[in-house]
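Reading through the structure tokens given below for one structure.
The values are calculated or read from the model by the stated rules, or taken from the named source; none is laboratory data. Only a predicted model underlies this, so the values are computations on that prediction, with no experimental measurement involved. Virtual Cβ from ideal backbone geometry, glycine too; neighbours counted across all protein chains shown. Remember, those area values only see protein heavy atoms, side chains included, never the ligands or the DNA or RNA. Shrake-Rupley method; radii C 1.70, N 1.55, O 1.52, S 1.80 Å.
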Amino acid sequence: MSDDVPVAAAPEGVRRGEAADPAGRPAGRPWTALWVTALALPPLALLAAASWFGRWVRPGADDWCFLPRVRDDGISGLVGQFYFDDNGRVANALLVGAYAKFQIAGHQWYPLVSGVLVLAVLWAVAVLALRRARLRTPRGLPLLLAAMTTALFLFATPNTYKTFYWPAASVSHTLPPVLACSALIPLLLARTRRGRALAVTVAVLMAAFLATLSEETAIVVVMVLLAALVVSGRAVPTADRGFFRLWCAGGIAGTVAGALVLITSPGSTNRRERFGAETTFLLAPDSLAASLRAFAEITVATVTTWQYVGAVAAGVLLGLLCRRADGTRPRPPAHWSLLTSAGLVTLLVSGYLCTVIAYPVFGDRVSDRSANRLWNDYLLLYVILLAGAGALLGLAVRRYAHRTAPAKAVCAALCVLVCVGPAIALTDLGTAMRSRAEKWDAQDLRLREGAAAGERVLPYERLVISQMLEPFSKGGEQYWPGGCVAELYHLDRVTDGAPGR
């Protein structure tokens, strides 16, 4: 599994087996691009299968409340509810309204649309980042990096349903970090003064949007930008340093502006009062200590999920196969230790702060696997950092190892193996989703027909999947979101339709 091509002679700085093209750039064997592209097929197949299973998605939990509000009052009505009553997240309301406008069909199409968006953004960022770094790779390697990152981010989690299939959770915790990555695209494309102005503008607007979409992602964004400012003095070339710092400052300013809109909203005030999440409680020693214990549990659960080694493997392949434009072997960045330390500290601090602000609402459940959607705001950063660490490892192996074919073979095998477990879990989840969809559709028809016949109170049977909330949970004691179910079907109330009740 080597991309070496025997040649009679090679220019200085080009490894034996790397032919140089007329422009002085090395050209690997064509089948290298073929097997690298083939490695992207397993994670892409996971994404395709998961998107296909999206046709079995049916509303649950908060979805019950969003559907009647958007149906009756439109997206603007949901935005008003979020801003004045619920939580102040106006951008969140816009995205929720965008899929809820299509009612059940919006839930079914959401996995496909969001999955393609995640892949497209990460693929574009990978291509442009490599181009900006003046590195050449076999065709298909950027796609492998994007596909592996997407698959691990979406399907290696303890609860894929809440990460990928539940639109409300995805809008709040899965899409925001991906949208943050999309702001890198104008930055990486910027070459002219106009391009740089556009990049800064996008950074400001996207940061403000994210601050009213997800508080947790806004924290991660600020921490990443602060870390980037700190290391920019050594890691960014002098010619680009001023623009890069301006871009980071614009992102931080946009986040602050959006946060002010959120915090000062009546909905945010109501939420803090409802859950006791005032600043004094957030900073209380007991709350901080409990958040630290919860974050430690989350960290252990994440680090012991061995499938994430796939990100390292993909990164190692990048380090083993990339070349400079002139055909020479790239070396690790001069300040790689600084970058590595900054990345680790940023991940730990942002993850802990996300846990701190989520703890008043979720309590000790914040570290439960059923609440894993709350981890996604910094989980994407974790996967990307693993890929970056793998790239550094690959460069080191390439520099000191006599033959790199064994390392390539191991990494290729890992890229395939890490997809096996999620594939099995996804198949089981698809079966459960189909079973629930069939029961849900039958009950939906019964409730609609009953309401059309003039019934005002009808029984509702709980249809739980992946620990999603349904009416009459806690042994039938909790009614929520029964009122929203009744509103959707134009009923006065639904009763517990469980057998024996």
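Among the residues of segment 83-106, what is the count of those that are under 23 Å from the mean Cα position of the chain (by Cα) and crowded, with 18+ Cβ neighbours inside 10 Å?
Qualifying residue count for the region: 14.
Would you call Tyr489 farther than 24 Å from Trp56 by Cα and surrounded by 13 or more Cβ atoms within 10 Å (Cβ to Cβ)?
Taking the combined requirement at face value, the residue does not satisfy it.
All but one of (1) in contact with a Leu (Cβ under 8 Å, 6 or more places away or on another chain); (2) at pLDDT 95 or above; (3) buried (at least 16 other Cβ atoms within 10 Å of the Cβ) hold for Leu225, so report the exception by its number.
It fails just one condition, (1).
Just to be sure I understand, how many residues within segment 201-222 are surrounded by fewer than 16 Cβ atoms within 10 Å (Cβ to Cβ) and closer than 25 Å to Val383 by Cβ?
The total comes to 0.
Here are Leu414, Leu380, Leu426: which of them is open to solvent by 20 Å² or more (accessible area, probe 1.4 Å) and modelled with pLDDT of 95 or more?
Leu414
Inside segment 241-354, counting only helices (runs of 4 or more DSSP H) that do not spill past its ends, which hold 1 or more residues that are at pLDDT 95 or above and open to solvent by less than 20 Å² (accessible area, probe 1.4 Å)?
In segment 241-354, 285-303, 309-321 are the helices (runs of 4 or more DSSP H) which contain 1 or more residues that are at pLDDT 95 or above and open to solvent by less than 20 Å² (accessible area, probe 1.4 Å).
Which of the residues spanning segment 440-472 are under 20 Å from Asp62 (Cβ atoms) and either in contact with a Gly (Cβ under 6 Å, 6 or more places away or on another chain) or open to solvent by 90 Å² or more (accessible area, probe 1.4 Å) (or both)?
Within segment 440-472, Tyr460, Glu461, Gln467, Met468, Pro471 meet the criteria.
Tell me, please, whether a residue that is exposed (fewer than 15 other Cβ atoms within 10 Å of the Cβ), of a type in the set (Gly, Ala, Ser) and assigned to a helix (DSSP H, G or I) can be found in segment 401-411.
Scanning segment 401-411, I find at least one residue that is exposed (fewer than 15 other Cβ atoms within 10 Å of the Cβ), of a type in the set (Gly, Ala, Ser) and assigned to a helix (DSSP H, G or I), so the answer is yes.
Looking at this structure, is Gly475 in a helix (DSSP H, G or I), open to solvent by less than 30 Å² (accessible area, probe 1.4 Å), of a type outside the set (A, V, I, L, M) and without any contact (Cβ under 8 Å) to a residue 60 or more places away in the chain?
Criteria not met by Gly475.
Can you list residue pairs whose Cβ atoms sit under 9 Å apart, with the first residue in segment 440-462 being under 18 Å from Gly483 (Cβ atoms) and free of Cβ contacts under 8 Å to residues at least 24 places away in the same chain and the second being open to solvent by 90 Å² or more (accessible area, probe 1.4 Å) and part of a helix (DSSP H, G or I)? Count only pairs 6 or more apart in sequence or on different chains.
Cβ pairs passing all conditions: none.
Hand me the list of helices (runs of 4 or more DSSP H) wholly inside segment 59-137 holding 3 or more residues that are of a type in the set (Asp, Glu) and touching a residue at least 12 places away in the same chain (Cβ under 8 Å).
Those helices (runs of 4 or more DSSP H) do not exist here; none qualify.
For a quick check of your reading of the model, give me the residue pairs whose first member lies in segment 237-254 and is basic (Lys, Arg), whose second is in a helix (DSSP H, G or I), with beta-carbon atoms closer than 9 Å and at least 6 apart or on different chains.
From segment 237-254, the pairs are Arg241/Ser232; Arg241/Gly233; Arg245/Ala228; Arg245/Leu229; Arg245/Ser232.
With Leu117, Leu39, Leu47 as the choices, which residue is closer than 29 Å to Pro142 by Cα and open to solvent by 20 Å² or more (accessible area, probe 1.4 Å)?
Testing whether each residue is closer than 29 Å to Pro142 by Cα and open to solvent by 20 Å² or more (accessible area, probe 1.4 Å) leaves just Leu117.
Step by step: first the residues of segment 355-377, then only those that are open to solvent by 20 Å² or more (accessible area, probe 1.4 Å) and acidic (Asp, Glu), then the one that is nearest to Lys162 (Cα to Cα). Which residue is that?
Per the criteria, the residue is Asp368.
Per-residue answers, yes or no, for (1) at pLDDT 95 or above; (2) under 21 Å from Thr157 (Cα atoms); (3) in contact with a His (Cβ under 7 Å, 6 or more places away or on another chain):
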| position | (1), (2), (3) |
| --- | --- |
| Ala45 | yes, yes, no |
| Trp56 | yes, yes, no |
| Gly60 | no, yes, no |
| Cys65 | yes, no, no |
| Ile75 | yes, no, no |
| Gly88 | no, no, no |
| Ala93 | yes, no, no |
| Val96 | yes, no, no |
| Lys101 | yes, no, no |
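When segment 186-200 is examined, which residues are found to be assigned to a helix (DSSP H, G or I) and either surrounded by 14 or more Cβ atoms within 10 Å (Cβ to Cβ) or of a type in the set (Gly, Ala, Ser) (or both)?
Passing the criteria: Pro186, Leu187, Leu188, Leu189, Gly195, Arg196, Ala197, Leu198, Ala199, Val200.
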